[in-house]
There are 2 protein chains.
Amino acid sequence: MASGEEVSNQQIILKNYVTGFPKETDMEVVSSSIKLKVPEGSNSILVKNLYLSCDPSLRVRMRKPENLGYFVGFTPGSCHTRTETFRKITCTDVPLSYYTGFLGMNGLTAYAAFFEVCSPKKGEYVYVSAAFGTVGQLVGQFAKLMGCYVAGSKEKVDLLKTKFGFDDAFNYKEEEDLASTLKRYFPEGIDIYFENVGGVMLDAVLLNMRLHGRIAVCGMISQYNRAKLEGVNNLFYLLTKRILMRGFFVLDYGHLYPQFLETTIKHLTEGKIVYVEDVVEGLEKAPSALVGIFQGHSVGRKVVLLARD
Amino acid sequence: MASGEEVSNQQIILKNYVTGFPKETDMEVVSSSIKLKVPEGSNSILVKNLYLSCDPSLRVRMRKPENLGYFVGFTPGSCHTRTETFRKITCTDVPLSYYTGFLGMNGLTAYAAFFEVCSPKKGEYVYVSAAFGTVGQLVGQFAKLMGCYVAGSKEKVDLLKTKFGFDDAFNYKEEEDLASTLKRYFPEGIDIYFENVGGVMLDAVLLNMRLHGRIAVCGMISQYNRAKLEGVNNLFYLLTKRILMRGFFVLDYGHLYPQFLETTIKHLTEGKIVYVEDVVEGLEKAPSALVGIFQGHSVGRKVVLLARD
């Protein structure tokens with residue numbers, strides 16, 4: 001398309017702040033037109049979106065803005081205009097969609113939080129909640145490459161074991177007493193907990209942590225849809241077991257991105273790390289795709305394909 | 001007294017596991033006799049106790065033993081026989097009683113947890129709960145020596161400010177909404193929280209922490225007397241504010257003891273650090289002294305004087 005040409009531009013707009021689980025009707029598809037032109041003499045860039053990714057943390061930004069640190073709420077009806085954090089992709093030997101999660105912020109989260117916060121050692125016991133998410137998949141595989149024992153929780157137990165090489169896995173929805181379940185899967189206790197869930201899961205984990213355990217808090221998906229945060233009762237074990245717990249935000253570790261990218265693409269091309277995506281096609285499917293991840297519908301990373309090139 | 005002589009030996013014995021607040025009747029004073037003699041050829045030592053100290057963490061050991069990490073419950077009716085951790089006191093220029101707390105485990109807790117876990121920087125905002133305890137007193141004074149702003153909570157507001165040089169202090173018992181109180185005392189937020197309390201206090205603190213804040217968990221006095229641990233709702237802020245929270249146990253930092261002792265005795269003799277004790281005399285007063293610290297009766301460290309030399 002020629003520069004300056006006016007083209008139609010479809011958008012998904014957040015209509016209202018969301019309470020509880022997001023619904024498709026919280027978003028709407030609107031069409032406008034856009035001129036393929038940046039302001040004269042500016043450093044702006046005009047972007048054609050090829051892929052969108054559905055990330056659980058988007059939910060936090062769909063609620064009324066509060067003092068939540070880095071999770072700044074969206075302003076309903078407005079567009080996201082911050083472009084200063086854009087990166088140019090140099091390695092195109094892997095599917096471009098991978099950069100929306102696996103080779104993007106989620107991948108770097110897994111890498112930096114696991115190696116920098118959890119300080120893993122060979123033979124340690126690693127528990128990954130929400131193990132089927134992009135971050136969880138990768139943490140489990142990094143942990144296996146380190147020689148750790150890894151178990152995860154998520155609906156897709158078989159895939160975690162056969163596809164991602166987890167030592168064991170259980171479906172937390174089928175378990176009545178998470179603390180006993182964890183005791184069964186980790187009779188020696190847990191050295192490293194990769195926290196993506198929060199709430200009752202965290203409580204059960206605290207009971208099962210070993211002395212000097214480490215907990216990287218990378219997400220608390222169980223809390224995102226709640227108006228009121230859930231209580232965690234077992235924090236006393238932080239004290240008695242000398243546990244380290246650290247909230248993690250990937251942008252603090254941006255300097256590790258080149259090293260992460262090199263390592264991970266190498267593992268990927270050698271087949272030592274695998275990645276599963278669940279791709280739907282068409283922007284109009286984005287609301288249902290995003291809503292679906294909170295209902296546990298996706299098998300692997302949910303990606304919306306907008307255009308092939 | 002000559003070696004081999006038989007002398008009377010008074011003891012305070014824990015009668016039963018304690019539930020709720022400890023009462024004087026949970027302990028009893030018994031008398032027995034002891035021969036002033038160690039087994040032939042052994043490395044044992046015979047000790048004459050001069051001082052006992054009343055430490056809130058003793059409460060944890062008075063409840064039924066559970067998997068609480070290093071807090072091993074006492075066995076009612078039995079004596080404590082582990083002597084391998086005894087240290088000989090070399091510097092006697094300061095009152096010997098100081099070694100039961102200020103120059104002992106509590107002091108090292110304050111020193112190591114503050115400098116090693118909290119990584120303080122000049123100008124940072126430090127909040128100390130249970131600030132009038134041995135640990136709290138010292139942390140506040142170390143923080144002032146570092147050039148931090150320090151506020152603490154405890155009943156004895158004036159003493160915290162005039163005696164220990166805290167910038168500010170409030171009585172948490174007079175405050176209805178701790179989160180708003182902390183907002184008033186720390187309008188810029190809290191960089192370092194020295195956690196001795198737990199429960200609702202921790203919840204209020206989490207709301208008021210700054211980005212990249214640090215929380216050293218050294219005690220949770222509000223939880224020791226509870227049969228069921230209290231829920232903490234605001235852990236989500238660990239994530240959004242990238243907070244580090246670490247359970248601390250002093251014996252992990254034993255290697256810092258010589259350096260701590262040298263620094264602290266120097267500050268003490270130069271008058272840069274002060275210490276307040278609340279001494280009662282006679283072993284028979286030990287149960288009421290210990291019970292009293294949970295009722296907020298003591299002004300400074302509660303010490304039981306048994307013998308002057």
**OP:** Please report, in debye to the nearest 20, how large the charge dipole of the protein assembly as shown is about its Cα centre when each Lys and Arg carries +1 at its beta carbon and each Asp and Glu carries -1 there.
**Re:** 280 debye
Subject >> Label point 7 Å beyond Cα of B:Val94 along Cβ direction - residues of the range B:263-292 with amide nitrogen under 13 Å >> reply: B:263-277
**OP:** Go through the range A:265-272 residue by residue and turn each phi into a ³J(HN,Hα) via Karplus (6.51, -1.76, 1.60, θ = phi - 60°); whole Hz please, and just put x for glycine and proline.
**Re:** 5, 4, 4, 5, 6, 7, x, 7
**OP:** Kindly work out what percent of the DSSP beta bridges joining two residues of chain B are antiparallel, to the nearest 5.
**Re:** 35 percent
Subject >> 14 Å beta-carbon shell around A:Val279, net charge (K/R +1, D/E -1) >> reply: +1
Subject >> Point-to-point label distance, A:Glu5-B:Lys173, nm (Cα→Cβ direction, 7 Å offset) >> reply: 7.8 nm
**OP:** Report the antiparallel proportion of the DSSP beta bridges in the protein assembly as shown as a percent, rounded to a multiple of 5.
**Re:** 35 percent
Original post:
Taking the axis about which chain B rotates onto chain A, which residue of B lies nearest it as judged by Cβ position, and how many whole Å separate them?
Top reply: B:Gly231, 1
Original post:
Which one of A:Gly198, B:Val60, A:Cys148 is farthest out on the positive end of the charge dipole of the protein assembly as shown, using unit charges on Cβ (Lys, Arg +1; Asp, Glu -1) and the Cα centre as origin?
Top reply: A:Cys148
Original post:
Any idea what the alpha-carbon Rg over 2.2 N^0.38 Å comes to for chain B?
Top reply: 1.05
**OP:** Could you let me know the centre-to-centre spacing of the range A:1-37 and the range B:195-247, using Cα atoms, in angstrom?
**Re:** 41 Å
Subject >> Projected area averaged over orientations for the range B:228-268, convex hull of C-alpha atoms, nm² >> reply: 5.6 nm²
Original post:
Roughly how crowded by other chains is peptide B:217-223, in terms of the mean Cβ count from those chains within 10 Å of each of its Cβ atoms?
Top reply: 3
Subject >> Global form of the range A:79-190, assessed from the alpha-carbon gyration tensor, a/c cut-off 1.5 >> reply: prolate
Original post:
Which whole-number percentage describes the relative contact order of chain A, with Cα contacts under 8 Å and a sequence gap of 6 or more?
Top reply: 20 percent
**OP:** Calculate for the protein assembly as shown the 222 nm mean residue ellipticity that helices alone would give, adding -39,500 (n - 2.57) per DSSP H run of length 4 or more and normalising by residue count, nearest 500 deg cm²/dmol.
**Re:** -6500 deg cm²/dmol
Subject >> Point-charge dipole on Cβ atoms (K/R +1, D/E -1) for the range B:240-303, about Cα centre, debye to 20 >> reply: 460 debye
**OP:** Would you kindly work out, in nm and rounded to one decimal, the distances from the label point of B:Ala307 to those of the same position in each other copy, ordered shortest first, with label points 7 Å along Cα-to-Cβ?
**Re:** 9.0
Original post:
Per residue, what volume in Å³ does the Cα convex hull of the protein assembly as shown take up?
Top reply: 185 Å³
**OP:** Would you mind getting me the FRET efficiency between B:His255 and A:Thr75? Use the beta-carbon distance for r and R0 = 51 Å, nearest 0.05.
**Re:** 0.45
Original post:
Out of B:Met220, A:Val30, B:Gly254, whose Cα points farthest toward the positive end of the dipole of the protein assembly as shown (charges: +1 Lys, Arg; -1 Asp, Glu; placed on Cβ)?
Top reply: B:Gly254
Original post:
Counting Lys and Arg as +1 and Asp and Glu as -1, what is the net charge of the other residues whose Cβ lies under 12 Å from the Cβ of A:Leu202?
Top reply: -3
Original post:
Considering chain A as a Gaussian network with a 10 Å cut-off on Cα pairs, which listed residue, A:Pro187, A:Pro95, A:Pro287, attains the greatest mean-square fluctuation?
Top reply: A:Pro95
Original post:
What net charge is computed for the residues neighbouring A:Leu256, neighbours being all others with C-beta under 13 Å from the C-beta of A:Leu256, Lys and Arg scored +1, Asp and Glu -1?
Top reply: -3
**OP:** Mind scanning A:Lys88/A:Lys266; B:Lys163/B:Lys266; A:Lys183/A:Lys241; A:Lys154/A:Lys183; B:Lys121/B:Lys156; A:Lys163/A:Lys266 and naming the pairs with a C-alpha gap bigger than 24 Å?
**Re:** B:Lys121/B:Lys156
Original post:
If you put +1 on each Lys and Arg Cβ and -1 on each Asp and Glu Cβ, how big is the dipole of chain A around its Cα centre, in Debye rounded to 20?
Top reply: 440 debye
**OP:** In square nanometres and to one decimal, what's the mean projected area of the convex hull around the Cα atoms of the range B:128-256?
**Re:** 8.4 nm²
Original post:
When chain A is modelled as a GNM with alpha-carbon springs shorter than 10 Å, which of A:Asp177, A:Asp191, A:Asp167 fluctuates the most?
Top reply: A:Asp177
Original post:
Over chain B, what percent of the accessible surface lies on carbon and sulfur atoms, probe 1.4 Å?
Top reply: 51 percent
Original post:
Which residue fluctuates the most in chain B, going by a Gaussian network model with Cα springs under 10 Å, if the choices are B:Glu40, B:Glu176, B:Glu277?
Top reply: B:Glu40
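The values are calculated or read from the model by the stated rules, or taken from the named source; none is laboratory data. Every value quoted in this text rests on a predicted model; they were computed, and no experiment measured them. Counting neighbours? That spans all protein chains shown, and the Cβs are built from the backbone with ideal geometry, glycine included. What goes into the accessible areas is simple: the full protein's heavy atoms, side chains included, and nothing from ligands, DNA or RNA. Shrake-Rupley method; radii C 1.70, N 1.55, O 1.52, S 1.80 Å.
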